[in-house]
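Worksheet: one structure, shown below.
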Amino acid sequence: MFIIEMAKLKIKINNRFSFLEKLCKDYIIDDETYDFEVSVTDDDINKEKNASDGNFSVGYLESICIYRKISEKVPQYNCILLHAAVIKVDNDAYAFCAKSGTGKTTHTKLWMQLLGDRMSYINGDKPLIRIINDQVYAFGTPWNGKEQYGTNSYAKLKAIAFIDRDITNSIIHLPKIEVLPRIIHQILLPKDEDNLSKTFEILNEVVGKTNTYLLKCNMDIEAAQIAYTQMRKD
């Protein structure tokens, strides 16, 4: 058992395997108070094992189940999990969403190539997005993808871009009415009806407060230049 602080929430994790504690080492705090706690059962782990397409350790499977439990609870705190790569540039966060294999990580690497030390990763795969004092923030989590691009950091979310692969590079504002059909596939929907309703409320507020774009791009450095220039100035 240990307590982590993530997205400015204190969470007690009742783990059984050491994998989780190693995974969360940068987020563990020395505290006895917490906002909520999570644990998983053997049945949860077995279901995850049967649904997975690899031969994963029980510790890894427990970690996936734990993060799902966390994600189902955080809507109570104006917070959602977003499947995205989130980077930080000059104290602003930029989120990139796309279907798996489209190139979120590859595109963000172009930003690093373009901007150097001005750019850092908040989370490369599964950040938390939380509304605090009417502002939208992106937070790092220990669950940051197979490349493990991420830090225990956060920043105000300036923009969300949805990536489509194309031969040429272009970026346009994506009308809010077109955002929901795209972003709905990038969040975890709680099974609990109240938390599901709250998730949609948070999602609508996040979209309403954040600039949204459609980025059509190839994997040339020009893609990062065009995206950065447009997203920074708005």
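Need the failing condition index for Gln135 against (1) surrounded by 17 or more Cβ atoms within 10 Å (Cβ to Cβ); (2) closer than 23 Å to Tyr228 by Cβ, just the number.
Among (1) surrounded by 17 or more Cβ atoms within 10 Å (Cβ to Cβ); (2) closer than 23 Å to Tyr228 by Cβ, Gln135 violates only (1).
Within the range 195-217, take every residue that is farther than 21 Å from Ser170 by Cβ, more than 16 Å from the chain's Cα centre (by Cα) and of a type in the set (S, T, N, Q) and give me the one that is surrounded by the most Cβ atoms within 10 Å (Cβ to Cβ).
Asn195
Does Lys126 satisfy being touching a strand residue (DSSP E or B) at 6+ places or on another chain (Cβ under 7 Å), surrounded by 15 or more Cβ atoms within 10 Å (Cβ to Cβ), of a type in the set (Lys, Arg) and part of a loop (DSSP other than H, G, I, E, B)?
Yes; evaluated as a whole, the condition is true for this residue.
Tell me the residue from Asp220, Asp192, Asp234 that is within 26 Å of Ile3 (Cβ to Cβ), over 20 Å from the mean Cα position of the chain (by Cα) and surrounded by fewer than 21 Cβ atoms within 10 Å (Cβ to Cβ), please.
Sole residue among the options that is within 26 Å of Ile3 (Cβ to Cβ), over 20 Å from the mean Cα position of the chain (by Cα) and surrounded by fewer than 21 Cβ atoms within 10 Å (Cβ to Cβ): Asp192.
Mind listing whichever residues of the range 83-100 are open to solvent by 10 Å² or more (accessible area, probe 1.4 Å) and either over 16 Å from the mean Cα position of the chain (by Cα) or within 17 Å of Asn169 (Cβ to Cβ) (or both)?
If the condition is that a residue be open to solvent by 10 Å² or more (accessible area, probe 1.4 Å) and either over 16 Å from the mean Cα position of the chain (by Cα) or within 17 Å of Asn169 (Cβ to Cβ) (or both), then Asp90, Asn91 are the ones that fit.
Scan the range 63-82 residue by residue and report those that are in contact with a helix residue (DSSP H, G or I) (Cβ under 8 Å, 6 or more places away or on another chain), open to solvent by 40 Å² or more (accessible area, probe 1.4 Å) and within 30 Å of Met231 (Cβ to Cβ).
Asn78
With the requirement that a residue be of a type in the set (D, E, K, R) and at pLDDT 95 or above, what does the range 135-182 give you?
The answer is Lys156, Lys158.
Are any residues in the range 130-153 assigned to a strand (DSSP E or B) and either basic (Lys, Arg) or closer than 17 Å to Leu20 by Cβ (or both), and if so, which ones?
Arg130, Gly150
Could you tell me whether Gly116 is open to solvent by less than 40 Å² (accessible area, probe 1.4 Å), part of a helix (DSSP H, G or I) and either at pLDDT 95 or above or at positive phi (or both)?
yes
Filtering the range 149-174 down to residues that are more than 24 Å from Ile226 (Cβ to Cβ) and touching an Asp or Glu at 6+ places or on another chain (Cβ under 9 Å), which residue is most open to solvent (accessible area, probe 1.4 Å)?
Of everything passing the filter in the range 149-174, Asn152 is most open to solvent (accessible area, probe 1.4 Å).
The values are calculated or read from the model by the stated rules, or taken from the named source; none is laboratory data. All of these numbers come straight from a predicted model, not from anything done at the bench. Cβ coordinates were reconstructed from backbone atoms using ideal geometry, including for glycine residues, and neighbour counts include every protein chain displayed. Heads up: the accessible areas ignore ligands, DNA and RNA and are worked out on the full protein's heavy atoms, side chains in. Shrake-Rupley method; radii C 1.70, N 1.55, O 1.52, S 1.80 Å.
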